[in-house]
Each structure stands twice: as C-alpha cells, then as structure tokens.
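A.B. asks: Take a look at this one; I'll ask things after.
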Amino acid sequence: MDRILVIGAGGQLGTELTKALAHKYGNDNIIATDFQDAMKEKFEYCSFQTLNVMDKPALEKIVEKEKVTQIYHLAAILSASGEQHPLQAWDLNMGGLLNVLEIARDHKIEKVFWPSSIAVFGPHSDKQHTPQQSFKDPNTVYGISKLAGEHWCEYYFNKYGVDVRSVRYPGLIGYKSLAGGGTTDYAVDIYHKAVTEEKFVCFLSAHTYLPMMYMEDAVNATLQLMDAPKENIRIRTSYNLAGISFSPIEIYQSILPYYPQFEIAYQPDFRQQIADSWPNSIDDSMAITDWNWKPAFDLNAMTAIIVKNLPQYFNYKAHK
Ligand code: SER
C-alpha cells in the first residue's frame, strides 16, 4: 500500500498537490505536514501533523509510525524571501533536503519528489528555450540551493539507489492559494487585484518574460513524473519543464476583456534583477521524451478559469 508524506503541504503547490495525491491514493493514505499549525484547516480530508523538516528525529518518527512509502518534500524559502534571509534560506533548503534524503535511504522509501526551479539558471544561461544542460550560474541563494540540491538528489540516486525525482518548475499560477516569497508571485497577485477592482502595482517591468505554468499542469506533470517507470527517468538532477511564457503586460491584457477598467502600474524593485537573470522560456524536450509531458493550458485559458473561480474561492464580492 502506498503511504504518502507531504512536507510543506500548506504552501502554494502543496495545497493543490496534496489534494491530487489524496484523490489518487485515497485520503487515508496521505499524511500532510507543515511547520505552521494553522495549515491544519486546509486538510480536513486527510491526516495532518505539524512538522519542521529541520527536526530530523520528528520527521523520522512520522516516517516510521505512518509506514511512509513516498515523500513529497515541498518546504523551501523562495527566491525573493531568500534574498532577505540568505543564510536561513540556505539552511532550510539544504538541511531539509538532506534530512529527507538520509531518511529515504535509511528507511528504503520507494520514491521521493523534490521540486527544483528555473532559478538554477543565471545571467549567462541561454535565455530562449533554455536547454536542459545550459550553463548554470544562479545568483540567488534560492537558485544556488536548488542547483546544489539537484546534485545531491543525483548523488543519492547514484550512490544509494534512492529513487528521487525532480522537475524545475516555472512560476506556478493558481487561484486556490496565495504565492509567497517568489519572483513570479506577481502573476498570482495580479488576479486578486483585478477581481477586487483595485489598481495593480507590478514589481517587474512591463516586458519581463518569465516561464510560468497553470497549477493544474504543474500537478499533472508531477503525477506523471512520479508514475513513470523508473528506467524512463534518465535525468536524476531535475527535468526542465515548460508551460507558458508571458510578460506582465501580456497577463494584464489577458485580464482586460473581463475587467476593462483594470489598471496596472510598473514599479520594478529588487526582484527585477532576479527575473532578468532567469530564462524567458524553457526547452523541456527531455520531459516530453522520457515521460510524455504535455501542458494543457495557455495564458488565455488560465485567465478564463482564474477570473471565473477566484472571487468565490476567496469569498470576494462577485464581479458585477
Ligand atoms: N516561483 C519561484 C520564485 O519565484 C521560482 O521557482 O521564487
């Protein structure tokens, strides 16, 4: 029987991925954990425990007691927050991963999922359709920790046979939870301003292209990767993954047909430099070849779903 532990389940990705895992494996086989106790209310449908991934004995206790067979380790400090707290980001992002990998090896966990990011690329990486093996010179602590983490994953696979799998997510956009601490967060926040009929002040400039993805695609990619036969997984660092690429002005224009009065202003801050160091678009041909990856949502499809569902989901006054 599969027993699934999700670490960082209360975050933007965890909120939706945990639900999908519960659908696939059954509510009773999911153990959602988060360091914030208050996240408990998101997980009425499955078991929830408060866990700080830095507490290795506590993590080990849950793995033993719950007879865990798969771990999805999502807890991390993202790019923008990481620049405010560099050493803390390094400690959590590296220390958490190493705790998970050690326990996965010692307890013969069948499969581990750990997300990497487009942040592994840097100013000297290819900008357009960035290849899997493009040169990487990440210049954020988050990106450095993801690149190092990718190599740790590969190391645990090669040396100890830990079946750890990973994708380099682009910016993830959904309406079921807020983003927090990332450089791509503007593309979540913009919808909240649109549906509450407020002006949006964007912290990136109008024409800053970044790779992005609708959350449903991200969840499906993760499930597909984890379902693929072991021998198909040729990349043991992390797979490039692509959905849509757009700029702030383009997402704004996709919202205008629904909210013609919606206004945007641009006030780039320190996150502009981070965004400028990342790719504009990603070549994910390895994911297509190895596990049949194919995204389903483009920008307009994503906007249509989000403007329709967000007001009710967040209990905003319905658009008149
Ligand atoms: N969305 C993340 C960030 O902006 C990138 O992985 O930090």
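A.B. asks: Less than 20 Å apart at the alpha-carbon level, and either on another chain or at least 8 residues along: which aspartates and glutamates does that give for LYS193?
C.D. replies: Counting by Cα, and skipping residues close in sequence, LYS193 has these aspartates and glutamates nearby: ASP185, GLU250, GLU263, ASP269.
A.B. asks: Moving to a separate point now. Quick one: net charge of PHE48's neighbours, Cβ under 11 Å, K/R +1, D/E -1?
C.D. replies: Numbers: positive: LYS40, LYS42; negative: ASP34, ASP37, GLU41, GLU44.
Neighbour charge sum, excluding PHE48 itself: -2.
A.B. asks: For region 83-215, restrict the atom set to alpha-carbon positions and state the Rg and Dmax in Å.
C.D. replies: 17.0, 54
A.B. asks: At ASN315 and LYS294, where each label point lies 7 Å from the Cα along Cα→Cβ, what is the point-to-point distance in nanometres?
C.D. replies: My value for the distance between the label points is 4.1 nm.
A.B. asks: Dipole of the chain, Cα-centred, from +1 at each Lys and Arg C-beta and -1 at each Asp and Glu C-beta, to the nearest 20 debye?
C.D. replies: Values: 29 positive and 37 negative charges, 74 e Å.
The dipole magnitude comes to about 360 debye.
A.B. asks: Kindly give the semi-axes, whole Å and largest first, of the ellipsoid equivalent to region 1-141, taking each as the square root of 5 times a Cα gyration tensor eigenvalue.
C.D. replies: That gives 28, 16, 16 Å for the three semi-axes.
A.B. asks: Positive end of the dipole of the chain, charges at C-beta (+1 Lys, Arg; -1 Asp, Glu), about the Cα centre: which of ALA206, LEU17, ILE274 has its Cα farthest in that direction?
C.D. replies: LEU17
A.B. asks: Right, another one. Taking H as built 1.01 Å from N, whose amide H comes closer than 5 Å to the amide H of ILE282, not counting residues under 5 places away?
C.D. replies: Long-range HN contacts for ILE282: HIS129, THR130.
A.B. asks: What do you get for the angle between helix 56-65 and the principal long axis of the chain? Use alpha-carbon atoms, 0 to 90 degrees, nearest ten.
C.D. replies: 70
A.B. asks: Starting from the Cα of MET1, step 7 Å along the direction of its Cβ; do the same at GLU154; then give the gap between the two resulting points in nm.
C.D. replies: 3.8
A.B. asks: Taking a 18 Å limit on the Cα-Cα distance, which of the listed pairs LYS19/LYS56; LYS111/LYS159; LYS176/LYS308; LYS24/LYS65; LYS108/LYS230 fall beyond it?
C.D. replies: Values: LYS19/LYS56 25 Å; LYS111/LYS159 15 Å; LYS176/LYS308 12 Å; LYS24/LYS65 22 Å; LYS108/LYS230 15 Å.
Long pairs (Cα-Cα over 18 Å): LYS19/LYS56; LYS24/LYS65.
A.B. asks: With the calculation restricted to Cα positions, what are the radius of gyration and Dmax of the chain in angstrom?
C.D. replies: My reading of the Cα-based Rg and Dmax gives 19.0, 59 Å.
A.B. asks: Another question about this same structure. Separation between the ALA301 and ASN52 pseudo-spin-labels, each 7 Å from Cα along Cα→Cβ, expressed in nm?
C.D. replies: About 4.3 nm, to one decimal.
A.B. asks: Another question, then. Take the Cβ-Cβ distance between HIS23 and HIS85 as r, set R0 to 35 Å, and report the resulting FRET efficiency rounded to the nearest 0.05. Each step should come with its number before you reach the end.
C.D. replies: Numbers: r = 35 Å, r/R0 = 1.00.
The formula returns an efficiency of 0.50 here.
A.B. asks: Moving on to the next point. Return the long-range amide H neighbours of ILE264 (sequence gap of 5 or more, or a different chain), with a cut-off of under 5 Å between placed amide H atoms.
C.D. replies: PHE200
No lab work stands behind these numbers, since they all come straight from the coordinates. None of these values were measured; they are calculated from a predicted model. Note that we place each Cβ from the backbone using ideal geometry, even for glycine, and neighbour counts take in every protein chain shown.
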